[in-house]
Every structure is written in C-alpha cells, then in structure tokens.
C-alpha cells in the first residue's frame with residue numbers, strides 16, 4: 001500500500017480523486033493549501049503545528065472557522081476548505097492544511113509585475129509549478145509519502161505526462177513545468193475519465209460537491225477587473241501606465257488609463273469605436289502605447305520562448321523530427337483554453353532553455369507571457385514562456 005498526499009481543493013475532481021485512490025488501495029492524506037484568510041490552526045511546511053502541538057507526525061487541521069464566507073467561484077477560499085474537510089471526513093482520511101501564504105505572495109508579485117511589463121501572466125500555471133508540484137512535493141517528502149496526487153485532467157503513461165482523456169477538460173498544459181525527476185511520483189487519478197463520469201461518481205457517492213461549478217477565475221482577484229488589483233498592489237505606478245491607443249499604421253486613435261488593463265487578442269472592453277472590429281495586437285510598456293489592428297494583424301507564424309522545462313531529453317527531440325522544418329506530429333499550445341497547433345521547434349544547442357516555434361499555419365494572438373507547451377501526439381514534451 002502506497003502513501004499518497006492528495007491536494008484537495010474542495011472541488012468535485014480532487015474529491016473523486018480521493019475515492020479513486022482509496023479504491024486502488026492507497027493510504028490517502030488530504031492536504032488543503034491555504035493562501036487567503038487565516039485559519040485557527042495551520043501547519044508550516046516542515047510539518048510542525050502553529051497555535052498548538054500535534055498529536056501525530058502531521059498537524060491536525062483544527063478548523064477553518066472565522067472570516068467571511070466567500071462564495072467566489074475560484075479556489076482556496078474558506079468555503080472550499082470546508083467542502084474539502086467534509087469530503088475527507090466522509091472518506092475517513094486525515095485532512096491537513098498548509099499555510100502557503102508567504103509562498104503565494106510570489107505568485108501575486110509575478111502576476112502584477114508581468115502586467116506592468118506589458119505581458120499576459122498565467123498565475124494558475126505558475127501555481128502548479130511553484131506550489132502544487134513544488135512546495136507540496138516538499139511536504140509529501142517530509143511525511144515520507146510515495147506519491148503526490150491532484151485532480152488534474154491529465155494522465156501518466158509509462159512515466160510520461162500525457163493529455164487527459166477528456167479533451168474538453170484537459171489540463172496537461174498547466175503541468176509542463178514540473179521537474180522531470182518528479183514525474184514517476186505523480187498520480188493523476190481523474191485523467192482517465194470524462195468530466196461527466198467524474199460528476200456521476202460524485203453523485204453516486206452522495207458527495208456534496210457533485211454539482212459544484214468548476215473554478216474559472218483568478219483566485220486572488222476577488223472583485224473588479226484585474227487592472228484594479230494591479231493598481232492596488234502597486235499604487236506608486238497609478239497613472240504612470242496611461243497612454244495612447246495607436247493603430248498598426250501609427251495613427252493615434254484614443255487614450256487609455258493604463259496598459260495593464262489589456263492583453264494581446266483582446267477585442268471587448270477597449271472603450272473605443274473604429275468602425276470595424278479591432279483587437280489588441282501589441283502592448284509597448286516603453287511608450288505606454290496599446291497597438292490596435294484588424295483581425296489579420298493578430299496572425300503569427302513564428303515566435304521565441306524562454307525558461308523552458310523539458311520533460312524528455314532534449315537530444316531525443318531531434319530524433320522525433322522536432323528540430324526539423326516539418327511538424328511530424330508535433331504541436332504547440334499557446335493558451336490554456338486553446339488547442340495544440342501543428343508546429344516545428346528549434347532548440348538552441350547552446351541554451352536548451354530557449355527555443356523557437358514555427359507554426360505550420362499562422363495562429364492568432366500569440367501573447368508574450370503565456371506558456372507555449374510542446375506536444376507529440378498526446379505526450380507533453382515540455383514548454384516555455386512566450387517572449
């Protein structure tokens with residue numbers, strides 16, 4: 001019997017994951033990651049208890065009362081913690097909380113700074129890399145767990161990361177940054193199921209979260225537009241990012257209150273009418289200009305990416321045809337809700353953390369700051385961050 005630490009978010013996916021792991025004969029330890037309101041007792045990453053002594057090798061979560069009820073459909077709220085605790089109690093598995101507020105500030109700072117640098121951040125992907133499969137892995141090792149499991153829709157096949165069975169819910173894109181050496185210790189129980197099947201299992205088990213909606217929002221932007229959050233976190237920058245709307249041919253067509261409110265590919269919410277649909281084509285933090293163009297201006301054939309993480313040996317990429325001029329089954333996904341597009345890549349031999357992508361056919365709205373994840377059929381080979 002293997003000991004498995006399971007990240008429990010209070011949603012239907014991680015809740016059913018607990019059931020599937022128990023059915024497989026594993027010893028399951030549920031862990032909720034706190035980054036918002038303070039709880040009455042939480043544990044530090046080293047496993048010691050705050051606010052009291054522990055009666056076992058893991059500190060017991062005393063409760064998550066106090067603070068406001070937060071019904072925002074994100075993740076990691078007090079109500080989510082209560083849901084996770086109830087599911088753990090129903091299954092009779094231990095349930096603990098980790099205080100990761102200090103670590104999560106790194107995610108928030110990255111989010112704010114990327115927008116102020118004219119980029120489009122992806123905090124959920126960074127959270128998976130730095131916290132869920134970073135700090136939580138450290139915790140799992142501290143309690144001598146054999147595996148770390150989550151409720152992501154992705155699959156482990158022969159020790160390699162693959163897309164989930166349900167193409168509409170696949171989350172493998174968000175996992176490309178996991179350290180290659182940790183793949184053998186990952187379990188992704190729901191990846192072999194479709195979302196409808198997971199909900200049906202939850203209903204058959206009479207789990208209270210069976211009908212709970214999926215989280216869709218940035219968990220720390222609890223109200224208003226993300227640009228309001230950026231301004232609140234960096235008050236010294238308020239007013240310094242205002243500038244002009246310009247068209248691709250250089251015409252000034254209006255002004256804006258701050259370029260952090262926009263992202264490449266955006267059409268709605270521009271607050272400006274030009275007679276024909278226009279989109280954000282580029283953001284220039286040096287001049288504060290937001291460049292607008294018609295849809296054909298969004299087309300991109302080639303781009304560069306940096307800070308790559310490869311889940312396979314880079315030498316093997318060439319043998320699969322990944323370094324050539326044809327895609328040969330290779331595809332690159334450039335946004336979370338997108339789909340992989342046929343492409344070829346070239347890795348710099350002198351700097352394997354950098355690569356260039358060339359699509360077989362132009363793709364719209366390649367946004368600097370987003371992840372570019374490389375696939376061969378269903379296998380995730382790795383990826384990097386669009387420059």
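Can you put 214, 80 in order, fewest other beta carbons within 10 Å first?
Values: 214 11, 80 27.
By the 10 Å Cβ count, ascending, the order reads 214, 80.
What angle do you read, to the nearest 10 degrees and between 0 and 90, between the alpha-carbon axis of helix 78-91 and the longest principal axis of the chain?
40 degrees
Considering the chain as a Gaussian network with a 10 Å cut-off on Cα pairs, which listed residue, 140, 365, 232, attains the greatest mean-square fluctuation?
232
If packing is taken as the average number of other Cβ atoms within 10 Å across a peptide's residues, how do 234-242, 142-150 rank, most packed first? Mind dumping the intermediate values first?
Numbers: 234-242: 12.6, 142-150: 18.4.
By packing density, highest mean first, the sequence is 142-150, 234-242.
With each label point set 7 Å from Cα along the Cα-Cβ vector, what nm distance links residue 138 and residue 387?
Label at residue 138, label at residue 387, 3.0 nm between them.
Hull surface divided by four, with the convex hull built on the Cα atoms of the chain: how many nm²?
On the way: hull surface 82.5 nm².
Across all orientations, the chain yields a mean hull projection of 20.6 nm².
If Rh is defined by the Kirkwood formula over all Cα pairs and Rg also comes from Cα, what ratio Rg/Rh do you get for segment 299-386? If you can, show how the numbers build up before the last one.
On the way: Rg = 11.4 Å, Rh = 12.5 Å.
Dividing the radius of gyration by the Kirkwood radius yields 0.91.
Most exposed first by the Cβ proxy, i.e. fewest other Cβ within 10 Å, how do 79, 15 rank? Intermediate results must be reported in sequence, preceding the final value.
Numbers: 79 14, 15 31.
Fewest-to-most Cβ neighbours within 10 Å comes out as 79, 15.
Quick check: from the Cα gyration tensor, does segment 207-293 come out rounded (a/c under 1.5), prolate or oblate?
oblate
Where does helix 12-23 land angle-wise versus the long Cα axis of the chain, in degrees 0 to 90, nearest 10?
The angle comes out near 40 degrees.
Would you please state the base-10 log of I(q)/I(0) at q = 0.12 1/Å for segment 84-210, with intensities from the Debye formula using one equal scatterer on every alpha carbon?
Listed by q, the Debye log ratios stand at -0.57.
Counting alpha carbon pairs within less than 8 Å and at least 6 residues apart, what relative contact order, in whole percent, applies to segment 239-293?
Values: 101 pairs, mean separation 21.5, N = 55.
After rounding, I find 39 percent.
So between residue 236 and residue 339, what do we pick up on full extension, going 0.36 nm a residue minus the alpha carbon distance? It would help to have the intermediate numbers written out before the result.
Working: separation 103, 0.36 × 103 = 37.08 nm, distance 3.85 nm.
Length gained between residue 236 and residue 339: 33.2 nm.
Measure nothing but the geometry: give the 0 to 90° angle between the long axis through the Cα atoms of 195-204 and the longest principal axis through the Cα atoms of the chain, rounded to 10°.
Relative to the chain, helix 195-204 is tipped by roughly 20 degrees.
Using the Cα atoms of segment 265-310 to build a convex hull, what is its mean projected area in square nanometres?
Values: hull surface 19.8 nm².
About 5.0 nm², averaged over all directions.
How far is it, in nm, from the label point at residue 24 to the one at residue 272 when both lie 7 Å from their Cα along the line to the Cβ?
Output for this residue pair reads 5.2 nm.
Quick note: the coordinates plus some simple rules give every number you see, no bench work behind them. From a predicted model like this one, the values you see are computed outputs, not experimental measurements. Cβ: placed from backbone, ideal geometry, glycine included. Neighbour counts: every protein chain shown.
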